[in-house]
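Report on one structure; see the data block that follows.
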Amino acid sequence: MRKVYTGYILFPFFLLFFLQKGLCQSQDSYIKGYVFLEDGTAAMGATMMIDGSGPEAEKKYAITDKNGHFSISLPGNTTYQLQVSFIGKAIQVKTVYLPKGKDAEVRFVLEEDTQELSEVTVTGQTQNQKARNEIVKAEIVDTKKARAQSVTLVELMNRSAGIRVRQAGGLGSNTNIMLNGFQGKSIKIFKDGIPTDYLGAGYNISATPANMLERVEIYKGVLPTDLGADALGGAINMVSRMQNSRSVALSYEIGSFNTHRLSLNLKHPNAKNHTFWGVDAFYNYSDNDYTVTASVPDPETATVSPRRVKLFHNRYRHAYTEIYGGLTDLSWADELRLGITAFSIRRDNQFAALMEKPFGASFAQENAPVIPTLRYRKGFADQKFSMDQFLVYSKIKGQQTDTLRGSYDWYGNFHPPTDVNSRGESGRPTMAELTYSNLTSRTGLTYRINPHHTLALNIVFNDYNRKGKDPYGPTSIGENPVDLQSLPADYTKLVGTIGWKGQFADRRIENLFQLKYYEAKTKGQEVDAGTGYLNEKTNSARTSRFGLAEAVKLNLSNRTYFRLSVELATRLPEQTEILGNGSYILSNFNIKPERSTNGNLGFRTSPDDRWDIELNSFYRVTKDLIISVPVNLIFAQNVNVESVRGIGFEADVRFKPWSWLTLNGNSTYQDYRLFRIQAPLMQYLEGARLRNTPYFFSNIGASLQFEKVFSANDRVQAYYNMSYVHEFYLNYIPRNAEPDGFLGLWGEAKVDAPNIIPSQTVHSLGFLWKPKNTLPLTVNLECKNLFDKEVYDNFKIQNAGRSFHLKFNYILKY
């Protein structure tokens, strides 16, 4: 099998060779270039009209892509007139001579159209609007608008309908993403269309600043073909910040709990010599020493009672840097990009899987000194055929340390051990050092059959390996005990997607059909659970499945449409779900792939520029759903749930009554329950809600903008957000123990209080000030959790109370 995978990795390069030989030699010369706005951003969707000299010359047209790039093949030895138009910008015209056998390049920077137009209506879509109106359902989080605010990606995403990102603590803590009823690894995370497995925890939703991104695309249900992966119920694609002019963007935030966040984005394009280079970097630090209510035992009576205590061993530090450079707009490559990524993380472990016992010395580290990446993009045959190839090899080193002799209480006091031979605050000492190797290849091929039909192929290959050691870890029994962390653990996965996208009935009907193939192979050596002896042979398992997806969009008008999608989906277990993480997440080699039948139906309308209304519903029947459950007070493990069935509804409304005021609100209700339980002892839970899963949540927001508040040239924005999550349950409860009210939203549950994660409402208020319109500086002050409410999240872990944040944002163009 490994030979087959090696052949697959080399396949794109053989394909590229033949395309270069075959297609490129038959092409004419090219006129190509870029169109930018005054602020340096790409003018996506600008129309380029090309008119050749001579009375019989025909006009040709081109549309700029998301990078503002256009390219069109034309006969040489001819002079052409290029006219570019874009919504709200003045038309520009340039004359270009195209030599035979050579390419001509041109660059446009569009300026505001100062002419007054009467009785003319101009409509168009931004990149975010185009992504939001695609065939597949996508929620677009516009991080570009939020860069100046002291807001995390988790907060931004939680303001969207149908999604909850739950954290196990403060800044940098582990997250559990829930999207339309699915959660955990069922939701795939991408960075610029590439699965983020190769970056480990280095680039994640909890830590990555909004300043690093252009937007976040949240897909519910069927994924676009170019994001082909084994996501069961959706995906999140973090799109990197786009800077097409020479600029440096800096931000610094200081907040409560000794929180500091810095970010840097630098890009230096040089159109003359077809080169570019840049740096993306950020640094996070926080003591995370907020106050919580903990179960504190009395030292004399051992009686446990709730007490307000301050977290004392919860520090988090994270540094990330990506340096990149490459070539662009050449005859053999539209873009060739080389990158080097490095990151380092250190996190104190204040507690384990549950917030039951405090730690005072345990910590975790993860670092990668060098992660090389390569990305190649090229369009052939007048852009009818395009190729996007990505390669990366990463080696990430992780460490878990828990070797203390003794213990700490919730007040930070150290207590010597009663047993001098005991070690480890968790009861299981560890000094695990693990190395995770990951080879990822992603190949995207697109063929534009005609303006209305496109065929695409996307293949993602992942080869994962884990090696390690732990002098305090578990070993096999016998004369020659073996460190279990040193046993080989290999995981190989291949996901292929073929997608056909078509338009019918004068573009009123849009269709996307996909065929998917999933294959995975796991190889490892285990200890016999009955005898404790090491198995002589390595165990291996292979899984392969097919999947189908269909999505249809019915456009009633330019502002109103329906969307329907159905999918037979499979999600292969991730490496950490099978192998654990060497510390508080145990391995489970018996875990099965998730399978699900999904359906989504949505309606959206924008009657005018003031209103935007969207209604969505979804239905799921899932077999072997993978969820994380606590094994005891210390450890958690990923296990399968036999069968889960559920429906959900969400509503999202945006209203802009005046130019200075924007209002928005959304609500989500989802009813996911166990069904067809086979185990006799568990059948009393037939129809029970999925544990540790919120089923009703809402958001309300308002934004006000004013000018000339403190000076003649300043601008002030005030914004408010409220988030509500209805009570849910830490463990399964029988259906007859739920509240009797409508949809379970009224009344009281007939369960013990420790099993209830209570309802919570959190308010936030912020002010953003730009001193001068001509000065690229903003100052932001924000108060989160305004009324200092107790906030409980994943596994009833408590998050921070009231906090204050001050942020400065500055952009320098040179």
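The values are calculated or read from the model by the stated rules, or taken from the named source; none is laboratory data. Bear in mind the structure is a predicted one, so any value in this text is a computation, not a measurement. Positions of Cβ are generated from backbone atoms using ideal geometry, with glycine treated the same way; all protein chains shown enter the neighbour counts.
Listed by position, the strands (runs of 3 or more DSSP E) contained in the range 346-455 that have at least 2 residues being in contact with a Pro (Cβ under 7 Å, 6 or more places away or on another chain) and surrounded by 15 or more Cβ atoms within 10 Å (Cβ to Cβ) are 385-402, 430-450. Applying a threshold of 6 Å to beta carbon distances and a minimum spacing of six or more residues, or different chains, the list of pairs starting in the range 492-506 at a residue that is in the same structural domain as residue 572 (by TED's automatic domain parsing) and ending at one that is assigned to a strand (DSSP E or B) and charged (D, E, K, R) reads 492/463; 492/521; 494/519; 497/516; 503/510.
Looking across the range 168-202, just one residue is in contact with a helix residue (DSSP H, G or I) (Cβ under 6 Å, 6 or more places away or on another chain) and farther than 17 Å from residue 231 by Cα, and that is 168.
Out of the range 261-309, which residues are surrounded by 13 or more Cβ atoms within 10 Å (Cβ to Cβ) and out of contact with any strand residue (DSSP E or B) (no Cβ under 7 Å at 6 or more places or on another chain)?
Residues of the range 261-309 that are surrounded by 13 or more Cβ atoms within 10 Å (Cβ to Cβ), as a first pass: 261-269, 271, 274-297, 307, 309.
If the condition is that a residue be surrounded by 13 or more Cβ atoms within 10 Å (Cβ to Cβ) and out of contact with any strand residue (DSSP E or B) (no Cβ under 7 Å at 6 or more places or on another chain), then 287, 290 are the ones that fit.
Could you please let me know if residue 478 is out of contact with any Asp or Glu (no Cβ under 8 Å at 6 or more places or on another chain) and either under 30 Å from residue 433 (Cα atoms) or part of a strand (DSSP E or B) (or both)? For residue 478, the condition - out of contact with any Asp or Glu (no Cβ under 8 Å at 6 or more places or on another chain) and either under 30 Å from residue 433 (Cα atoms) or part of a strand (DSSP E or B) (or both) - is met.
Return the residues of the range 244-260 that are part of a strand (DSSP E or B) and buried (at least 18 other Cβ atoms within 10 Å of the Cβ); say none if nothing qualifies.
So in the range 244-260, the residues part of a strand (DSSP E or B) come out as 247-255, 259-260.
Within the range 244-260, 247, 249, 251, 253, 255, 259 meet the criteria.
Of the listed requirements (1) in contact with a Gly (Cβ under 9 Å, 6 or more places away or on another chain); (2) among the basic types (Lys, Arg); (3) modelled with pLDDT under 95, residue 375 misses just one: (3). Scanning the range 635-649 for residues that are more than 14 Å from residue 593 (Cβ to Cβ), in contact (Cβ under 8 Å) with a residue 40 or more places away in the chain and of a type in the set (Val, Ile, Thr) yields one hit, 644.
Is the range 614-625 home to any residue that is touching a strand residue (DSSP E or B) at 6+ places or on another chain (Cβ under 7 Å) and at pLDDT below 80? Scanning the range 614-625, I find at least one residue that is touching a strand residue (DSSP E or B) at 6+ places or on another chain (Cβ under 7 Å) and at pLDDT below 80, so the answer is yes. Residue-level check: of (1) within 13 Å of the chain's Cα centre (by Cα); (2) at pLDDT below 85, residue 168 misses just (1).
Quick one: is residue 236 in contact with a Gly (Cβ under 8 Å, 6 or more places away or on another chain), part of a strand (DSSP E or B) and not assigned by TED's automatic domain parsing to the domain that holds residue 519? Explain how you work it out, then say what you get.
Details: in contact with a Gly (Cβ under 8 Å, 6 or more places away or on another chain): no; part of a strand (DSSP E or B): yes; not assigned by TED's automatic domain parsing to the domain that holds residue 519: yes.
So residue 236 fails the test.
For the range 322-333, the condition holds for no residue, the condition being that it is closer than 30 Å to residue 785 by Cβ and not in a strand (DSSP E or B). With respect to residue 95, is the statement that it is hydroxyl-bearing (Ser, Thr, Tyr), over 30 Å from residue 781 (Cβ atoms) and either surrounded by 13 or more Cβ atoms within 10 Å (Cβ to Cβ) or modelled with pLDDT of 85 or more (or both) true? So residue 95 passes the test.
Of the residues in the range 174-191, not one is more than 11 Å from the chain's Cα centre (by Cα), modelled with pLDDT of 90 or more and not acidic (Asp, Glu). So which residues in the range 655-694 are under 20 Å from residue 733 (Cβ atoms), surrounded by 13 or more Cβ atoms within 10 Å (Cβ to Cβ) and either touching a helix residue (DSSP H, G or I) at 6+ places or on another chain (Cβ under 7 Å) or of a type in the set (D, E, K, R) (or both), if there are any at all? Of everything in the range 655-694, those that are under 20 Å from residue 733 (Cβ atoms), surrounded by 13 or more Cβ atoms within 10 Å (Cβ to Cβ) and either touching a helix residue (DSSP H, G or I) at 6+ places or on another chain (Cβ under 7 Å) or of a type in the set (D, E, K, R) (or both) turn out to be 669, 671, 673, 674, 677, 686, 687, 688, 689, 691, 692. Across the range 769-814, the number of residues qualifying as part of a loop (DSSP other than H, G, I, E, B), over 23 Å from residue 177 (Cβ atoms) and under 24 Å from the mean Cα position of the chain (by Cα) comes to 0. Within the set 307, 261, the sole residue that is basic (Lys, Arg) and more than 26 Å from the chain's Cα centre (by Cα) turns out to be 307.
Counting just the residues of the range 185-233 that are outside any helix (DSSP H, G or I) and among the aromatic types (Phe, Trp, Tyr), which one comes out surrounded by the most Cβ atoms within 10 Å (Cβ to Cβ)?
Applying the first criterion (outside any helix (DSSP H, G or I)) to the range 185-233 yields 187-195, 200-209, 213-224, 228-233.
Going one step further and asking which of them are among the aromatic types (Phe, Trp, Tyr), we end up with 190, 203, 219.
Details: 190: 21, 203: 21, 219: 24.
The extreme case among them is 219.
Screening the candidates 444, 473 for the property of being among the small types (Gly, Ala, Ser), closer than 30 Å to residue 62 by Cα and either without any contact (Cβ under 8 Å) to a residue 60 or more places away in the chain or in the same structural domain as residue 374 (by TED's automatic domain parsing) (or both) yields one hit, 444. Suppose the filter is assigned by TED's automatic domain parsing to the domain that holds residue 749 and buried (at least 18 other Cβ atoms within 10 Å of the Cβ); does residue 652 pass it? Yes. Exactly one residue among 588, 581 is over 25 Å from the mean Cα position of the chain (by Cα), modelled with pLDDT under 90 and not in a strand (DSSP E or B), and that residue is 588. With respect to the stated conditions, residue 731 is within 20 Å of residue 630 (Cβ to Cβ), within 30 Å of the chain's Cα centre (by Cα) and surrounded by fewer than 18 Cβ atoms within 10 Å (Cβ to Cβ). Can you pull out every residue in the range 277-304 that is part of a loop (DSSP other than H, G, I, E, B), of a type outside the set (Gly, Ala, Ser) and more than 29 Å from the chain's Cα centre (by Cα)? Answer for the range 277-304, where residues must be part of a loop (DSSP other than H, G, I, E, B), of a type outside the set (Gly, Ala, Ser) and more than 29 Å from the chain's Cα centre (by Cα): 298, 299, 300, 301, 303.
Considering the conditions (1) at pLDDT 80 or above; (2) not in a loop (DSSP other than H, G, I, E, B), residue 149 is excluded by exactly one of them, (2). Selection of the range 628-649 for residues being within 18 Å of residue 688 (Cα to Cα) and either small (Gly, Ala, Ser) or buried (at least 20 other Cβ atoms within 10 Å of the Cβ) (or both) yields 628, 643, 644, 646, 648.
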